[in-house]
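Engineer: Attaching a single structure in structure tokens format; questions to follow.
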Amino acid sequence: MSKDVYILAVSQISVQEPLTLDWLDDPLRPSGRYAPCREPDFRPFFTPMQARRMGPLFKRAAAVSRKVVEEAGTGCPEGIFTGAGLGCIANTWDFLESMCTAGEEALSPTLFMQSTHNTVGSMIAMDAGCHGYNCTYSQDGISFESAMLDAFLQICGDMIGNALAGVHEELPERLAAFVGKGAGGPCEYPLSEGSAALMLSGSVPEGKKAMCRLSDVRILHRPSNLDEVVSAYGASSVLGNDFFYSLFGRSFCSSGLGACAAAGMVASGRVPSVLLVNVSGPDAGLVFLEKA
Amino acid sequence: MARRVVITGAGIISAIGVGKEATVRSILERRSGIGRLRHLVTAHSDLPCGEAALSDAGLKALLGIPPEEVVARTALLGIVAVKEAIAQAGLPEDEATALVGGTTVGGMDITENHFGGMTSGDAFNALIPLHTCGSSTDRIAGCFKGFTSVTTTSTACSSAANSIALGANLVRSGRFDSVVAGGSECLTRYHLNGFNSLMILDHEPCRPFDAGRAGLNLGEGAGFLVLEEEGHALNRGARIMGVLDGWGNACDAYHQTASSPDGEGAFLAMGKALAMAGLGPGDVDYVNAHGTGTVNNDSSESAALRRLFGEAIPPVSSTKSFTGHTTSASGGIEAVICLLAMENGFIPANLGWEKPDGDCIVPEHEGKEGVSLSHVLCNSFAFGGNDSSLLLSKYEGHE
Amino acid sequence: MEELILELKTKILEALKLQDMAPEDIDADAPLFKDGLGLDSIDALELMLLLEKNYGIKLKSPAEGKEIFKSVRTMAEYVSANRIK
């Protein structure tokens, strides 16, 4: 377990300026009940034929994934690890609504085909022609940490040399009220959505610079001693749910977006190390970043 | 030297029974669980399915869960299988272990049954969070004391196989000495209609690899394994049921629903599992195929099997002809069936097969008893080309 | 027939989510699948749904659609001969 794991590149689409971390010094503070993504111009990314079955979720996921793979210069990733808490909720909803209201006839196969949680992860593989390891993790708010944990262990165990890890959630406006009802009443942070991608590697390619070291990932269920676990890391900065909710709003991908921001903070020398502590229902996820 | 992952417990529930004993009996008596739906209410009640015999109320009674508590059927099925697996392994109650679930449906049964109420008022708000895959695994974990990490894989029909692979990684890496991993999935109107819209459901009992095959039958259930580091199992005197010597995961990267004609993803997944186990194709005594019964899967899987094994294809059968396609649970259910086959020395039949198809391998359709199996491959493929294969071996003692 | 062809083109673009294309971008005689528009087996299912919803024509299997969905013109010919609404 002594092998080093590096984060070579990160990319995000969220309420902040998309596909960059330039906003880190002066971020927006999303407010209200619902804060959707700021979309980049997707036209340079996809031909009309490619784009035709891609809803916003797929476009965002493919864009951030392509961006980090290109920046890291590793070529086709050896493994693709995708977090998806709610999955393709827009297609799921449309199929469900039409089944529950119009009845069990003449339902769209395209909606169903693109409604499983692994649609995004496998589409990223198809987009890049990657036949390597490919898995999707769906554990509510710690879907991202679950994906990162598998990637981290596989790089440490020399099963793969590099990994594309990410988390992707969508929340179209028509679903915000429904999801809000389930999320338990008003909260100081708006409901949101987003895509985060990180390129992890067991080595730094020549001529490239790592953003930071990924020193550990843990997931915990009903931890009785979270404070002790956290302090044992001795991180110079401990950032919790308030950190990433205040930057990105609340969604199952907030901690993944937070990890992108934290990697940017370590890379630019703002902090030597960050422990991200994400509590989601009975589960918790920890991601520990240190300067490379 | 990598830590060796052995199996000390297995739990199973499906249309052919609750528990390992009932499952073995059904398979040896060639009794399929595919038939008319009794619990799921749907306009497509003419479609044969492999439904578990117990209703939600029956499952709750079996588990001692209050009848008024709303629990996803996926979680109920999962609890049954996890309980059986842990009981067999005899894991101490306070052993810190991880639970890796596998599901895609999650709490969809709750959502589709309360859709009107959930969307119009606030009376059902508390049920909304139960929709997710993660909440279903958390509910399973809630029935036990020892789980200190819980997560869920969701790769559609290969979810359980990938959960077992992740569980094995957690053991191999030293993160845990024991992990409970598998998958569970209940039937829902949602995915019955989804598969129906894709026109891949057979209106007759499915016939994997048969020339006249016309699609799959959906099923439901759960299958979980207790994965343990060999030394840890030996030290506490546990009986070792089998070894997880290898696992392979590859992406077909061809189409969201169709498998590639040459079965690239399946071929790579099986090859990786063999390579990790340090075995060659000639060592495999049986393949539990994904074998859904669709025209596309069975021909693509056959192409992959032919590429891997050449002329010397070992006995292959699809137990989906017994259980129906239990989607996210299938990798867990079929891994348990493989362990039972090694333990009891049988090859399960491939029911319904009559006529060879040039595009397909010829399965071991009648099944066999009194055989000795040392190494078996268990295949699980999925939408998105998320293909996985597990290599299970008989335990021959400490190496 | 030309009117029905235009109607079908519009409905195809909608059903197959080809938002960035216009009806005139589709050649009525060009193949819809593979080399032509590049549609796949799922699109064939969507086209079957389109016939069912709009014209009351119910095909039994995708295989039946093979000849019908060769081009927009063959679709139009089939619709005008078999429509029940």
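Engineer: Assess whether A:Leu276 counts as being over 26 Å from B:Leu130 (Cβ atoms) and either of a type in the set (A, V, I, L, M) or away from chain B (no Cβ under 13 Å) (or both).
Structural biologist: Working: over 26 Å from B:Leu130 (Cβ atoms): yes; either of a type in the set (A, V, I, L, M) or away from chain B (no Cβ under 13 Å) (or both): yes.
When the stated conditions are applied, A:Leu276 passes them.
Engineer: Another question, then. Considering every residue within the stretch C:8-16, establish whether at least one is in contact with a His (Cβ under 8 Å, 6 or more places away or on another chain) and either acidic (Asp, Glu) or within 12 Å of chain A (Cβ to nearest Cβ) (or both).
Structural biologist: Taking the stretch C:8-16 and keeping what is in contact with a His (Cβ under 8 Å, 6 or more places away or on another chain), we get none.
The answer is no; no qualifying residue exists.
Engineer: Could we say that C:Met48 is in a helix (DSSP H, G or I), out of contact with any Asp or Glu (no Cβ under 7 Å at 6 or more places or on another chain) and within 14 Å of chain A (Cβ to nearest Cβ) here? Don't jump to the end; show me each part of the working.
Structural biologist: Details: in a helix (DSSP H, G or I): yes; out of contact with any Asp or Glu (no Cβ under 7 Å at 6 or more places or on another chain): yes; within 14 Å of chain A (Cβ to nearest Cβ): yes.
For C:Met48, the condition - in a helix (DSSP H, G or I), out of contact with any Asp or Glu (no Cβ under 7 Å at 6 or more places or on another chain) and within 14 Å of chain A (Cβ to nearest Cβ) - is met.
Engineer: Mind telling me which of the residues B:Glu343, B:Glu301, B:Glu334 ends up being of a type in the set (D, E, K, R), modelled with pLDDT of 95 or more and surrounded by fewer than 22 Cβ atoms within 10 Å (Cβ to Cβ)?
Structural biologist: On the way: B:Glu301 fails: surrounded by fewer than 22 Cβ atoms within 10 Å (Cβ to Cβ); B:Glu334 fails: surrounded by fewer than 22 Cβ atoms within 10 Å (Cβ to Cβ).
Selected residue: B:Glu343, the only one of B:Glu343, B:Glu301, B:Glu334 that is of a type in the set (D, E, K, R), modelled with pLDDT of 95 or more and surrounded by fewer than 22 Cβ atoms within 10 Å (Cβ to Cβ).
Engineer: If B:Gly174 meets every condition in (1) under 26 Å from A:Ser115 (Cα atoms); (2) modelled with pLDDT of 95 or more apart from one, which number is that one?
Structural biologist: (1)
Engineer: Hey, any hits in the stretch A:131-146 for a residue that's under 30 Å from B:Met270 (Cβ atoms), buried (at least 23 other Cβ atoms within 10 Å of the Cβ), aliphatic (A, V, I, L, M) and within 8 Å of chain B (Cβ to nearest Cβ)?
Structural biologist: No, every residue in the stretch A:131-146 fails to be under 30 Å from B:Met270 (Cβ atoms), buried (at least 23 other Cβ atoms within 10 Å of the Cβ), aliphatic (A, V, I, L, M) and within 8 Å of chain B (Cβ to nearest Cβ).
Engineer: Looking only at the stretch A:73-113, which residues are surrounded by fewer than 19 Cβ atoms within 10 Å (Cβ to Cβ), within 9 Å of chain B (Cβ to nearest Cβ) and polar (S, T, N, Q)?
Structural biologist: Within the stretch A:73-113, just A:Thr101 meets the criteria.
Engineer: Quick check on this structure: which one of B:Ala214, B:Ala156, B:Ala160 is hydrophobic (A, V, I, L, M, F, W, C), more than 14 Å from chain A (Cβ to nearest Cβ), within 23 Å of B:Ser380 (Cβ to Cβ) and in contact (Cβ under 8 Å) with a residue 24 or more places away in the chain? Talk me through it step by step, then tell me what you get.
Structural biologist: Details: B:Ala156 fails: more than 14 Å from chain A (Cβ to nearest Cβ); B:Ala160 fails: more than 14 Å from chain A (Cβ to nearest Cβ).
Of B:Ala214, B:Ala156, B:Ala160, the one residue that is hydrophobic (A, V, I, L, M, F, W, C), more than 14 Å from chain A (Cβ to nearest Cβ), within 23 Å of B:Ser380 (Cβ to Cβ) and in contact (Cβ under 8 Å) with a residue 24 or more places away in the chain is B:Ala214.
Engineer: Follow-up question, since we're still on this one. Based on this model, can you work out whether B:Cys360 counts as buried (at least 18 other Cβ atoms within 10 Å of the Cβ), hydrophobic (A, V, I, L, M, F, W, C) and out of contact with any Gly (no Cβ under 9 Å at 6 or more places or on another chain)? Spell out how you get there, then give the answer.
Structural biologist: Working: buried (at least 18 other Cβ atoms within 10 Å of the Cβ): yes; hydrophobic (A, V, I, L, M, F, W, C): yes; out of contact with any Gly (no Cβ under 9 Å at 6 or more places or on another chain): yes.
So B:Cys360 fits the description; yes.
Engineer: Okay, moving on. Hey, A:Thr116 hits all of (1) more than 7 Å from chain B (Cβ to nearest Cβ); (2) buried (at least 24 other Cβ atoms within 10 Å of the Cβ) but one; which does it fall short on?
Structural biologist: Failing condition for A:Thr116: (1).
Engineer: Quick check on this structure: which one of B:Leu373, B:Leu391 is in contact with a helix residue (DSSP H, G or I) (Cβ under 6 Å, 6 or more places away or on another chain) and either of a type in the set (Lys, Arg) or under 24 Å from B:Arg30 (Cβ atoms) (or both)? Walk me through how you get there before you give the answer.
Structural biologist: Values: B:Leu391 fails: either of a type in the set (Lys, Arg) or under 24 Å from B:Arg30 (Cβ atoms) (or both).
One residue alone meets the criteria, B:Leu373.
Engineer: Would you please name the residue that is surrounded by the most Cβ atoms within 10 Å (Cβ to Cβ), looking only at residues in the stretch B:40-75 that are within 30 Å of B:Glu204 (Cβ to Cβ) and without any contact (Cβ under 8 Å) to a residue 60 or more places away in the chain?
Structural biologist: Per the criteria, the residue is B:Leu59.
Engineer: Return yes when B:Ala269 is in contact with an Asp or Glu (Cβ under 6 Å, 6 or more places away or on another chain) and either assigned to a loop (DSSP other than H, G, I, E, B) or crowded, with 24+ Cβ neighbours inside 10 Å (or both) and no when it is not. Lay out the reasoning, then the answer.
Structural biologist: Details: in contact with an Asp or Glu (Cβ under 6 Å, 6 or more places away or on another chain): yes; either assigned to a loop (DSSP other than H, G, I, E, B) or crowded, with 24+ Cβ neighbours inside 10 Å (or both): yes.
Yes, satisfied.
The values are calculated or read from the model by the stated rules, or taken from the named source; none is laboratory data. Remember, it's a predicted structure, so these values are computed and weren't measured experimentally. Ideal geometry is used to build each Cβ from the backbone, glycine not excepted, and the neighbour counts take in all protein chains shown.
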